[in-house]
Amino acid sequence: MQAIASAYQDTGPAADYPRFHAAVALAQLNDWLPTAAALLVDISGPGSRAADLAAYAGHHVLRVIDPAALPPEAAKQALPPEAAKQALRTVIADGTGLEFLADGCADGVIAEDRALSLRLAAEELVAEIARVLRPGGRVLACVDSLMFGMSMLAEQHRWPHLVDVPNADVVLIPWPDGTITRCYGAEQLRELFTGCGLEVSWIRPRTMFSPQTVSYLLARDPTRFGELVNAELRARSDDSVGTQLVACAVRR
């Protein structure tokens, strides 16, 4: 984990929270990865480095890219270099992206970088995840939280919509660029997985520390970056805070 944290150091105070957030995400993924070599399917968003980290850790990784999620030139750039082809393969697939995989073929599925928030009809994708997981296989997923959705509505002065959020079954939030994200509370996220036959092991916020706290502490002592990441990983989770939620579920 220390190596992960050190990779994000020395980039300047303006990037304090984004690099802290990224370091925590990689550390959480590193903790989740199986100890023995496994076959993992990565359906994470285009900004994730999960597939690279998993392959570096000794796993066989199939990265599935939705062509609708990124422009064609970016899809071409996502192809792995020659040296990584034995551990990391990339497939560009339409739909839920997993229909071509056999039942029970994967030891784990990684859905990082808000993958289930970007796919508005997430139930179909989670059903496919459950299908391709072997018994005992696990999924790690990151989604936008209700707290994030409510803050977005407040920034856009959508007060009537903000009042409706606590009672809504599905919360879809518009971004200023015209895209839409699906936001989840802990119970909504739990129901998403259990409704597809998966058992939730845990749900926690991606980060407990606020951007202001991170910036303040690193401004006082930038060399404590790794310690701050470790403190975040040890913090007692409260799924009512944080802009993102992270969940682990298993196929029994």
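No value in this document is a laboratory result; all are computed from the given coordinates. Keep in mind it's a predicted model, so treat the numbers as computed, not measured. Don't worry about glycine lacking a Cβ; one is built from the backbone with ideal geometry, like all the others, and counts go over all protein chains shown.
A compact table of results
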quantity	calculated
Per-pair calculated FRET efficiency, R0 = 25 Å: GLU99 and TYR56 via Cβ, rounded to 0.05	0.30
Neighbour net charge for PRO211 - beta-carbon separation under 12 angstrom, K R +1, D E -1	0
Length added when fully stretched, ARG134-ARG234, from 0.36 nm per residue minus Cα-Cα	33.0 nm
Per-pair calculated FRET efficiency, R0 = 35 Å: TYR216 and ASP169 via Cβ, rounded to 0.05	0.40
Largest-first principal axis extents, alpha carbons of the stretch 95-252, Å	52, 41, 25
